[in-house]
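Participant: My questions all concern the structure below.
Computed from the coordinates by the stated procedures, all read-outs in this text should not be read as laboratory data. Every value quoted in this text rests on a predicted model; they were computed, and no experiment measured them.
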């Protein structure tokens, strides 16, 4: 069966397809194959087109199988599998947590944390992960404030790209956003926008917010919670 160039190829599989170890070595030293982990390869052209989160998924798949069953994906690795937003967060190592109190260590491609995990873990794509709430707390404990607060709480340029709905263009997203803002203003609310660059001068952002508050009169409407997204079933297992 012919190999899918978009799929990861392990050494044993490559040997079974007729490659020798010398040929495998030449392919990745010449830059045709990208070595992801020990004995795991991906087409270099495919790898170069991937985003950081997609590359991290391949890194997870290439390293996790070599760890014992008590290693649970955690921190930014669990966030990647859950699809949680990350910003300027290092994804060069797979993060796992072992249900023990000591012995954590950092390897070339893996960071091992040791801490009580709880009685249950989630199972996503055949991987064991810390539960979503625990994942967010772990990120809050270990990342700088700006990176940690981004997780389910930041609305940026990404919504005009990979977060577009099927068939939706960036222009559609901008127009829908304008309609929402117009509706808020009709109710008497003020809308204030800022970017990451603006946060380099926080005093100016504070002044803009204060001016918006000063402009606002008593709103004629009220704020209600928007409909929540459909619930994605989460499989859990006892640890």
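Participant: Would you mind calculating the gained length between residue 197 and residue 181 on full extension (0.36 nm times residue separation, minus the Cα-Cα distance), in nm to one decimal?
Facilitator: Contour length minus the Cα-Cα distance gives 3.6 nm.
Participant: Tell me the volume per residue, in Å³, of the convex hull enclosing the alpha carbons of the stretch 61-100.
Facilitator: Dividing the Cα hull volume of the stretch 61-100 by its residue count gives 78 Å³.
Participant: Say we join alpha carbon atoms closer than 10 Å with springs in a Gaussian network model of the chain; which of 210, 101, 109 then has the biggest fluctuation?
Facilitator: Per the Cα network of the chain with a 10 Å cutoff, 210 tops the list.
Participant: Add -39500 (n - 2.57) for each DSSP H run of 4 or more in the chain, then divide by its residues: what number comes out at 222 nm, to the nearest 500 deg cm²/dmol?
Facilitator: The helix-only estimate for the chain comes to -10500 deg cm²/dmol at 222 nm.
Participant: Is the shape of the stretch 9-48 rounded, prolate or oblate, going by the alpha carbon gyration tensor and its root eigenvalues a ≥ b ≥ c, with a/c under 1.5 for rounded and a/b larger than b/c for prolate?
Facilitator: Since a/c reaches 1.5 and a/b is larger than b/c, the shape of the stretch 9-48 is classed as prolate.
Participant: I need the shape label for the stretch 170-215. Rule: rounded when a/c is under 1.5, else prolate if a/b > b/c, else oblate, with a, b, c from the alpha carbon gyration tensor.
Facilitator: Oblate.
Participant: Which one of 176, 224, 216 has the biggest mean-square fluctuation once the chain is modelled by GNM with Cα springs under 10 Å?
Facilitator: Result: 224 has the largest fluctuation of those listed.
Participant: Pull out a ≥ b ≥ c, the square roots of the eigenvalues of the alpha-carbon gyration tensor of the stretch 1-125, then state rounded if a/c is under 1.5, prolate if not and a/b is larger than b/c, and oblate in the remaining case.
Facilitator: prolate
Participant: Moving on. Would you kindly state how much longer the chain becomes between residue 174 and residue 100 on full extension, computed as 0.36 nm times their sequence separation minus their alpha carbon distance, in nm to one decimal?
Facilitator: Extending this stretch completely gives an extra 21.8 nm.
Participant: Something else now. Which length gain, in nm to one decimal place, applies between residue 120 and residue 209 when the Cα-Cα distance is subtracted from 0.36 nm times their residue separation?
Facilitator: This chain segment gains 27.7 nm when fully extended.
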